[in-house]
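Presented below is the structure to which this report refers.
The values are calculated or read from the model by the stated rules, or taken from the named source; none is laboratory data. Keep in mind that what you see is a predicted model, and the values were worked out from it rather than measured. Backbone-built Cβ (ideal geometry, glycine too); neighbour counts: all protein chains shown. Each accessible area value is taken on the protein alone, full model and side chains, heavy atoms only, with ligands, DNA and RNA left out. Shrake-Rupley method; radii C 1.70, N 1.55, O 1.52, S 1.80 Å.
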Amino acid sequence: QTMLGVARATANFNDLEVVADYTKRLEGNFLKEIDSGYPRGHDTEQLRMCVKGLKGVVESFTQASGRSMEQLISTLLPQVRQIVGDAVGQDGGGTSATASNFLGSPVLAGGATIAPTVLNYELDDESFEMSQISEGFVVRMCSRLDELIDPLRVHLVPKLSDDLLVGILGGMAKRMEASIRKSKFTPLGAISLDSDVRYIMNFAKDRIDSPQLKSNVTLCKICPPLARLNQIALLMNVDDLEDVLDLISVSKRKGVWDLKLDEAKTLLSLRVDFEGEKVNDLLQMDDE
């Protein structure tokens, strides 16, 4: 009964998209008929202008479809934030975080109570090795996102399915960035962050229907919060502070950098091996 209700609800979203596409094709077919079957003249041109008026109808349907998807995404975002909060350990940033609500009780191993892996990038050699062989919070987080949106996506037309996925990933990325800002980073932790962001990008590309969106560049272009996560991962993985300005400069020239210098300073200050004073001294320049 529930799945039937979901199917009916998503059909309403699909209707707007389908009628917009049909009207667009109808306009194109009418114009072809006019070009091939009507003589040139004032009356024909008037008819052509009338048919071109369908473009406004298409735009109105497209805008209505977009507003409907925005409302759906807004309705789901509180659940997305809860999923991310549970996965990262609510406040994030360290092993003191509690177990995720959706994972149940902590696992017992060797007589000790071990909390599930949460967001923690302050890793030494041993904890980094453990993170490589254990299921990280990102895997669980993405699995929960699948559970949330798959029942909707399976009934949506491909474009709306992609729109929903991108909107949900944007909400997830914003919440994850907020948790990252509360964490501390070792160099190994920065590598772990890069691995987590790559996992999220692959997760997105595996589920996107449109072939044109199945690349990091296009995904980051249509989902700025994901772009910011990628930039944060790049920034946190610099080997030396002297490399930061080159990274920012080159990325800006390519048009793939959104982080302001104040944000960069705040993030680099999270690296436990970088002195805060040196970070501030290095980035004494204005955003262009």
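Observations
- The set of residues in segment 118-164 that are under 20 Å from residue 20 (Cβ atoms) and not β-branched (Val, Ile, Thr) comprises 152, 153, 155, 156, 158, 159, 160, 161, 162, 163, 164.
- Total residues in segment 1-46, condition over 23 Å from residue 162 (Cβ atoms) and open to solvent by 50 Å² or more (accessible area, probe 1.4 Å): 18
- Residue count for segment 217-247 under the criterion of being closer than 15 Å to residue 270 by Cα and small (Gly, Ala, Ser): the result is 1.
- Test: residue in segment 215-230 that is part of a loop (DSSP other than H, G, I, E, B), of a type in the set (S, T, N, Q) and touching a Lys or Arg at 6+ places or on another chain (Cβ under 8 Å): yes
- Residue within segment 255-262 that is under 16 Å from residue 182 (Cα atoms) and among the small types (Gly, Ala, Ser) present: no
- Counted residues, segment 108-151 - those being open to solvent by 50 Å² or more (accessible area, probe 1.4 Å), modelled with pLDDT of 90 or more and among the hydroxyl-bearing types (Ser, Thr, Tyr): 1
- Segment 252-263 - residue that is over 16 Å from residue 282 (Cβ atoms) and more than 19 Å from the chain's Cα centre (by Cα) and, of those, most open to solvent (accessible area, probe 1.4 Å): 253
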